[in-house]
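Colleague: Before I ask anything, let me first share the structure, which is written out below as structure tokens.
Please treat every number below as a calculation from the coordinates, not as lab data. Because the structure is predicted, anything quoted here is derived from the model rather than measured. Ideal geometry is used to build each Cβ from the backbone, glycine not excepted, and the neighbour counts take in all protein chains shown.
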Amino acid sequence: MSQTAWYAQGDVSADDASSPPHSLATASGLLLGTTGLAMLAGALIGWPFGGWGIGLLLGAIVGIPLSVGVVYKVYTSPRA
């Protein structure tokens, strides 16, 4: 019985493939962390004024574009 390869044979090693610098977990962690910190900051700022809920909401509104900007900055920065 003849063993013929149905794929292109070549000298390809695992070292030749370049791995991406960041994973999907990195992006989601940055998104969640940045949004959470902005919400916390908003709640802490609103708390002395009696409106921690409004501060939480404003923190989320500010935190979402902020977190997208952080992910964009991390993914477009040159790899060290």
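Colleague: In the range 46-80, which residues are aromatic (Phe, Trp, Tyr) and surrounded by fewer than 15 Cβ atoms within 10 Å (Cβ to Cβ)?
Modeller: Restricting attention to the range 46-80, the residues satisfying the condition of being aromatic (Phe, Trp, Tyr) are 47, 49, 52, 72, 75.
Once the filter is applied, which keeps residues that are aromatic (Phe, Trp, Tyr) and surrounded by fewer than 15 Cβ atoms within 10 Å (Cβ to Cβ), the range 46-80 yields Trp47, Phe49, Tyr72, Tyr75.
Colleague: Now, a different point. Scan the range 20-39 residue by residue and report those that are of a type in the set (S, T, N, Q) and not in a helix (DSSP H, G or I). Steps first, please.
Modeller: The first filter runs over the range 20-39 and keeps only residues of a type in the set (S, T, N, Q), leaving 23, 26, 28, 34-35.
Result: Ser23, single match.
Colleague: Here is a list of conditions, (1) among the hydrophobic types (A, V, I, L, M, F, W, C); (2) crowded, with 17+ Cβ neighbours inside 10 Å; (3) in contact (Cβ under 8 Å) with a residue 24 or more places away in the chain, and Ala43 meets all of them except one; can you say which number that is?
Modeller: The one condition Ala43 does not meet is (3).
Colleague: Please enumerate the residues belonging to the range 40-80 that are of a type outside the set (A, V, I, L, M), over 16 Å from the mean Cα position of the chain (by Cα) and part of a helix (DSSP H, G or I).
Modeller: Gly42, Gly46, Trp47, Pro48, Phe49, Trp52, Gly53, Gly55, Gly59 - these are the residues of the range 40-80 that are of a type outside the set (A, V, I, L, M), over 16 Å from the mean Cα position of the chain (by Cα) and part of a helix (DSSP H, G or I).
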